[in-house]
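Asker: Have a look at this one.
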Amino acid sequence: MAEQKDTSAYWGDTHQHSDVSPCGGPEGKLSPAETFALMRDEYRHDFLFLTDHDQAIHDEQWEEIKAAAESETRPGTFSAFPGYEFTTEIFGHYNVFWKDGTAESVVIRTGDKPLVFGRRHPRELLQRLEPFADRVVVSACHPAMDACPNTWRVRHPLLRLAELCYAGGTFEAREAPLAIPGKARLYVQDALISGHRVSFIGGTDTHKLRSTGQEFHSLTGILAAENTPEALFAALKAGRTCAAVKCRTEVDLSISGTPMGGACSFTLDTMEEMFPLEIRAAIRPTVPLTHVELIHNGEVMDRKTFQSQETEPLTFSYTYENPYIWNSFTNCYDHFFYLRVRHEHGAIAFSSPVWVLFHAPGE
Ligand SMILES: [Zn+2]
Ligand SMILES: [Zn+2]
């Protein structure tokens with residue numbers, strides 16, 4: 001029997017371009033409204049964040065993108081969101097996701113000459129988004145990609161998401177399954193180890209939808225109670241996401257009641273109550289799975305192997321009763337846990353992390 005849940009995963013893409021983006025020429029491209037409609041009617045996505053390159057978006061085109069998001073949304077079935085890809089030459093790319101297409105949703109332009117090398121800094125973008133903090137969230141795009149890696153120079157509460165799944169592979173870690181070759185030390189795990197708190201999403205980054213198709217698609221699953229722009233955006237902003245390549249396997253994780261995307265914290269005084277940690281996993285595979293791995297601070301802490309062809313929902317829990325918690329949990333202050341689910345034929349899916357944070361005396 002499947003466990004009764006009040007949320008389920010809605011699947012869609014958080015990185016797509018329309019004919020507003022000039023790269024690669026005009027062939028095979030669709031207008032913003034056509035791109036939303038294709039995702040809804042042919043790819044059967046539950047939502048789409050359209051993310052054209054910001055330096056190319058003129059004011060009238062931004063109005064067109066916002067109007068398309070509104071007209072192509074079908075409450076209960078498909079949520080269309082406006083967004084853009086803040087594009088820098090040396091600090092990487094950042095997708096800016098807006099809650100809806102109302103007047104406050106704007107394109108923040110930074111740098112006196114946007115295309116001059118090195119003039120655009122993500123810190124300025126994030127600071128200028130602060131007045132809109134309840135209606136915007138930002139992701140680090142294709143983090144370790146050779147051509148334009150994310151340098152992880154900026155920490156900011158609005159930088160809440162990272163594109164772990166990308167096109168046909170992952171930017172989880174350099175030696176991880178399905179890893180896209182790229183820059184060492186700029187993978188998502190490197191960022192988590194250095195203290196960034198980002199949830200995981202998947203994006204396809206197709207610039208020519210009609211000519212390339214989406215056979216290696218990466219998608220984001222947002223765990224929400226219903227498919228409306230309001231519900232999906234709130235869950236995305238809270239980091240209640242999973243990320244997947246070539247499947248739509250929902251992967252959910254909680255630790256002692258804290259949902260994924262969240263953090264629980266303890267001090268020396270509350271440590272006894274905090275442990276043992278109760279780590280709960282809930283997985284709904286869409287293709288046969290082969291391994292479920294629990295990752296703790298970048299290491300595989302537990303691996304379960306599956307031979308069956310089953311795609312039945314699974315739930316299980318781990319009890320973390322480390323007798324050495326005094327050392328292992330206080331020497332390293334920020335702990336992150338997430339699930340990596342591997343399937344046949346190279347499909348892969350991830351939960352977002354849950355953090356367990358230690359606050360030392362005097363800090
Ligand atoms: Zn990009
Ligand atoms: Zn892009």
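Values in this text are rule-based calculations from the coordinates and carry no lab data. Keep in mind the model is a prediction, meaning the values are calculated, not measured. Here the Cβ is made from the backbone with ideal geometry for all residues, glycine too, and neighbour counts use every protein chain on show.
Asker: Based on the alpha-carbon gyration tensor of the range 27-108, what equivalent-ellipsoid semi-axes (square roots of 5 times the eigenvalues) come out, in whole Å, largest first?
Answerer: 21, 14, 12
Asker: Please give the residues of the range 125-152, grouped as numeric ranges, whose backbone N is less than 15 Å from a label point set 7 Å along the Cα-to-Cβ vector of Val106.
Answerer: Counting only backbone N, you get 125-136.
Asker: Rounded to whole Å and ordered largest first, report the semi-axes of the equivalent ellipsoid of the range 241-363 derived from its Cα gyration tensor (root of 5λ).
Answerer: Taking √(5λ) for each eigenvalue gives 30, 13, 12 Å, largest first.
Asker: As an exercise, take the mean of 1/r over every pair of distinct alpha carbons in the range 77-189, invert it, and state the Kirkwood radius in angstroms.
Answerer: 14.8
Asker: Let me ask you something else. Restricting to DSSP loop positions (anything but H, G, I, E, B) with no more than 14 other Cβ atoms inside 10 Å of their own Cβ, which chymotrypsin sites (Phe, Trp or Tyr not before Pro) remain in the range 286-363?
Answerer: Passing sites in the range 286-363 are Tyr324, Tyr333.
Asker: Moving on. How far apart, in nanometres, would the label points at Ser328 and Arg128 be if each is projected 7 angstrom from Cα along the Cα-to-Cβ direction?
Answerer: 4.7
Asker: Which one of Gly202, Gly221, Gly76 has the biggest mean-square fluctuation once the chain is modelled by GNM with Cα springs under 10 Å?
Answerer: Gly76
Asker: With no solvent and one point per C-alpha, what does the Debye sum give as log10 I(q)/I(0) for the chain at q = 0.12, 0.13 Å⁻¹?
Answerer: Summing over Cα pairs of the chain leads to -0.86, -1.00.
Asker: Return the calculated 222 nm mean residue ellipticity for the chain, to the nearest 500 deg cm²/dmol, obtained by summing -39500 (n - 2.57) across DSSP H runs with n ≥ 4 and dividing by the residue count.
Answerer: Numbers: 8 runs with 59 residues, N = 363.
Value at 222 nm, helices only: -4000 deg cm²/dmol.
Asker: Count neighbours as other Cβ atoms within 10 Å of each site's Cβ, and list the GluC sites (Glu not before Pro) in the range 10-48 that are DSSP loop with at most 15 such neighbours.
Answerer: Passing both the DSSP loop test and the Cβ count: Glu27, Glu42.
Asker: Apply 1/(1 + (r/R0)^6) to the Cβ-Cβ distance of Asp146 and Glu310, taking R0 = 30 Å, and write down the FRET efficiency to the nearest 0.05.
Answerer: So, using R0 = 30 Å, E works out to roughly 0.20.
Asker: Can you list the GluC sites (Glu not before Pro) in the range 283-323 that are in a DSSP coil and have 16 or fewer other beta carbons within 10 angstrom?
Answerer: The qualifying sites are Glu310, Glu321.
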